[in-house]
Each structure stands twice: as C-alpha cells, then as structure tokens.
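Data block below; observations after.
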Amino acid sequence: MRHPIAVMIDDLSPARPQSGFSAASIVWQAPAEGGIPRYMMVFQENIPSDVGPVRSSRYYYIAWAAELRAVYAHAGGSPQALATLQSQGNGKLVFNADEFRWGGSFRRITTRFSPHNLYTTGKQLRSLVTATGAADGQIKWPWTFAPDAPLADRPLGGRIQVSYLANAVRYDYDRVTNTYLRSVTTEKRQIDAATKQRVAPKNVIVMLMQFGPLNDGEYAKKHRLEAQVIGSGKAWISTNGVTIQGTWRKTSLKAPTQFYDRSGNPVTLTVGQTFVQVMKTTDVVKFVAGTLVREADGWPGARPI
C-alpha cells in the first residue's frame, strides 16, 4: 500500500478553485487564522496531478495527520506546529515534508500571487515518501467502510450546510451517484481545478470542537487558534443520504478520531471519499433530510424519513 500523504491547502478566496480534491481519500477542513478555514487533503489510493495552493502547518492538523503517520506536506507553520515537527516529525507523529527544506518538490505558479501560488504534484509528493524516511507498506485505516446502499434505500434530496468565517459550505445529496455535491462561497459549484470534476464526497462528517486563541506571542497579529483536538464531542455522520447524530472521540495525538452513533457503536462509512468538517461548538450547522422514495408508488412518490 502507498504511504498516506497529507497536504495543507489554502482556502482564502484568491486560492479558489483549489487542485487535488478529486484524488484525496480524506479531506479535513477546520478554522485557522481567526476562524478562516484551511484544508488538509490526505492522499493514499490515488496519485493526484496538481495539488495546491499549499499553505502552512497548524498543530491540530498534525494531530489528524498523525492518525496515519502521514508524510505531512506544508510551507512553514505556526511556532507551535514547527516545534512539534522538529521534535516528532521524524515518524514519531508524522514525516515532516516542509517546503522550506524540500523546495525542489514544490513550485510557484505565475497565474496567482503569493502566498496563494505554491503548488506540487502527486509525483513530487510521492518522491517525498522515501526522502522523509517513510516507506510504503500495510496501513491500518481507522474507520470501517461498506459498499453503497442499494438505490431503493437511498433518499431523494437532502442538504447539509455549515459556515466558517470566510466560506459557507453546502452539500446537496445526489441519489443516483450516492454523493454529496459540494458548493462553496465564491465558486458556488465547487470543482477541482486540476481535473475540472465536481467535488462530491461519499461521506460527510460534521464535528464540533472547542477552539480558542493560541497564546504563541503572535495572536494579536496572526489571530491563530488552538483546538481541543483530544477529547470528545458532538458529531453528525452523513452517508448513503442519511444523517445520524453521534459523537467523536480521540484519546491521544496518535489515536484515530473515531465516530460513534447514539448507542456508542462505531459508525460504518461508504467506500469512497470522506470530508470532515470541523466546526466551533458555537457554529450553527443545518441538516435537511431527504425523502425515502417508494418506487412502487411511482416517481416521485415519497414519504419523509
């Protein structure tokens, strides 16, 4: 198996549309500076073409990348994140692939202005696996997956809405493809700039987490945040068109973030891409349920679920 590679990705308006979504196995999105969000794309099954714009590291993203001991690609970072990578970026948590050291694996494009113009490729990222001391081999995925639910068991419609400081995100469930069509501020219908494909994950997880000012001596200027990444909290898990409320739990930096239903049982996701939307506990999230279609009654005869 290919070693997982996690890449920090910009989400300010000048960075959109970003490249790399289509090939990612997992995409994390969480608040960064003052609540403005940032992505972390995790690649394993697929090798992307272009990936970017690449941005800097934050401590809590390292905690998520550490769940797979990923090669962690970024361009610098907060003092807290860089100190962690200096001491534990040799494979203890992740394998540190900082652009400041491995600049030959990144490039600046001319069609965007700095800092929203740093890109890499899947081939270059793969070269960093060996360079950073990682190696391909068996990996243990922290989550359980199952095939798509039969079409007859999938509802018609349904929507998820979450909002960050500089990006409102909406997912519209598509019954035929069993995916969640993603829309964002500025672009509306979100696409991968590298492939021109619509961003449409199979699973969407929304989790609430405590965030607060990071006391790193630069908060007044940078407005960086810290997150209570170890612990537990409320979560909603959406797959096969159905959303359930449950909880998330992470017991240590290296331990996986696990998701459970109301009864405390681990959830099963659908094979395919998973988006994890990490939100502040004070954020408003909205879910609109679809309707379960009874084919025998004729289209679109439906009843609420």
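Each reported figure results from applying straightforward, stated rules to the coordinates on display, with no laboratory input. Note that the structure is predicted; figures quoted are calculated from it, not measured. In this analysis, Cβ positions are derived from the backbone assuming ideal geometry, glycine residues included, and neighbour counts consider all displayed protein chains.
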Nonlocal amide H pairs with V199, under 5 Å, H built at 1.01 Å
R182, Q190, I191, D192
A135 and T251 label points (each 7 Å along its Cα→Cβ direction) are spaced in nm at 2.8
In whole angstrom, largest first, the equivalent ellipsoid semi-axes that the Cα gyration tensor gives for the chain are 32, 21, 20
Which whole-Hz ³J(HN,Hα) couplings does the range 143-158 yield from phi under the Karplus relation 6.51 cos²θ - 1.76 cosθ + 1.60, θ = phi - 60°, glycine and proline marked x?
10, 9, 10, 9, x, 4, 5, x, 3, 5, 8, 9, x, 9, x, x
Binning at 5 Å from 0, report for the range 144-304 what percent of all alpha-carbon pair distances ends up in each bin.
2, 8, 15, 18, 18, 16, 12, 6, 3, 1, 1, 0, 0
If one builds a Gaussian network model of the chain from Cα atoms under 10 Å apart, the most fluctuating residue listed among T186, T282, T130 is T282
Roughly what angle does helix 79-88 make with the longest principal axis of the chain, taking Cα atoms, 0 to 90 degrees, to the nearest 10?
80
For K123, the aspartates and glutamates lying under 13 Å Cα to Cα, once residues fewer than eight places off in the same chain are dropped, come out as D50
Subtract the Cα-Cα distance of R108 and S87 from 0.36 nm times their separation in residues, and report this length gain in nm to one decimal.
4.7 nm
For Cα pairs less than 8 Å apart in space and 6+ apart in sequence, what is the mean separation divided by the residue count of the chain, i.e. the relative contact order in percent?
21
Please give the calculated 222 nm ellipticity per residue for the chain, where each DSSP H segment of at least 4 residues contributes -39500 (n - 2.57) and the sum is spread over every residue; nearest 500 deg cm²/dmol?
-2500 deg cm²/dmol
Highest-first arrangement of 93-99, 106-112, 118-124, where packing means the average Cβ count within 10 Å:
93-99, 118-124, 106-112
Top positive-direction residue, dipole computed over the range 90-139 with Cβ charges, set P115, T130, G104
P115
Can you pull the three principal axis extents for the Cα set of the range 5-131, in Å, largest first?
37, 33, 25
For the range 1-63, what number results from the quotient of the Cα radius of gyration and 2.2 N^0.38 Å?
1.08
Please name which of Q273, W141, P14 has its Cα lying farthest along the dipole of the chain towards the positive end, using unit charges on Cβ (Lys, Arg +1; Asp, Glu -1) and the Cα centre as origin.
P14
Relative contact order of the range 5-131 (C-alpha contacts under 8 Å, at least 6 apart) in percent is 27
Three principal axis lengths of the range 58-203 [C-alpha, angstrom, descending]:
50, 39, 29
³J(HN,Hα) across the range 8-17 via Karplus (A = 6.51, B = -1.76, C = 1.60, θ = phi - 60°), whole Hz, x for Gly/Pro?
6, 10, 5, 9, 6, 3, x, 8, 8, x
For K234, which lysines qualify as cross-link partners when the Cα separation must be under 18 Å and same-chain residues fewer than eight apart are set aside?
K250, K280, K286
Expressed as an acute angle from 0 to 90° and rounded to the nearest 10, what is the orientation of the C-alpha long axis of helix 122-131 relative to the principal long axis of the chain?
50
In whole Hz, the Karplus estimates of ³J(HN,Hα) for the range 102-111 (6.51, -1.76, 1.60; θ = phi - 60°; x where Gly or Pro) are 10, x, x, 9, 9, 8, 9, 8, 9, 8
